[in-house]
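S.K.: What follows is a structure written as structure tokens; I'll ask about it next.
Laboratory data are not the source of any read-out in this text; all were calculated from the coordinates shown. Keep in mind that this is a model prediction, so the values were computed, not measured. A quick note on method: Cβ atoms are made from the backbone with ideal geometry, for glycine too, and the neighbour counts reach across all protein chains shown.
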Amino acid sequence: MDTARAARTHIIWTSIALVFILIASCLAYVFISKVPECKVSIVNVTECTESMFRHQISQEHWLLKAQNYSQADHRLVWEDEWLGYRVERERILDQTNMWMVIREKGVYLVYIQANFILRTEKNSSSTVELKIIVDLSYDGKKEMFSAAHDTQVVSDNSPDAKLNTFLLMKLQSTSQLSVRVFPSHLVNYQPRPFSTFITIIKWADNW
């Protein structure tokens, strides 16, 4: 990927992150304003926006695309889209390329999208369950999140299916994330430019 394309991609995903932050802030405002015990101070939107852009965007942000999966446990194998533009110490993937190791404690926005190629024998149909499962490991503990689930009817002319999920997660330094997708053999690993991918962006230091 050339430098111009990398720059465009970086700008696009940074913009998406800002949109997510704005949506989350609006939802939080609406929720809190409906709770009598909570006091909400109304701020000038222009000042708030200017303040956002005055602060440097966190360097903790990644765009990873799936390139394969482990037949042993169905974990996706990732490739860092910005690998050539980072120094080695900024690498988030472990040596297996299946686990993402968080470097800084904080609240992270995580978005996962998986595209499935659904095909069956001609003149027949069936149903298939699509799942995205996120595994979190920290301090010797393990947690599993059923992040997304859907059931699709598959026929010989079925279009491709897309499954996605958006998570807001409080993570510790050295926390590890991995993603399992079912059925993993139906996942599309061919970039168009990103068929199956994950974005991880640090939103704040704390809730």
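S.K.: Once you order the gyration tensor axes a ≥ b ≥ c over the Cα atoms, which shape class does the range 59-204 get: rounded for a/c under 1.5, otherwise prolate or oblate by comparing a/b with b/c? Working shown, then result.
M.R.: Details: a/c = 2.28, a/b = 1.84, b/c = 1.24.
Taking the square roots of the gyration eigenvalues as a ≥ b ≥ c, the range 59-204 is prolate.
S.K.: Along Cα→Cβ, 7 Å out, is where each label goes; now give me the distance between the ones at residue 141 and residue 162 in nm to one decimal.
M.R.: Going by the 7 Å Cα→Cβ label model, 3.5 nm.
S.K.: Collect residues whose amide H, placed 1.01 Å from N in the peptide plane, falls under 5 Å from the amide H of residue 75; neighbours closer than 5 in sequence don't count.
M.R.: 70
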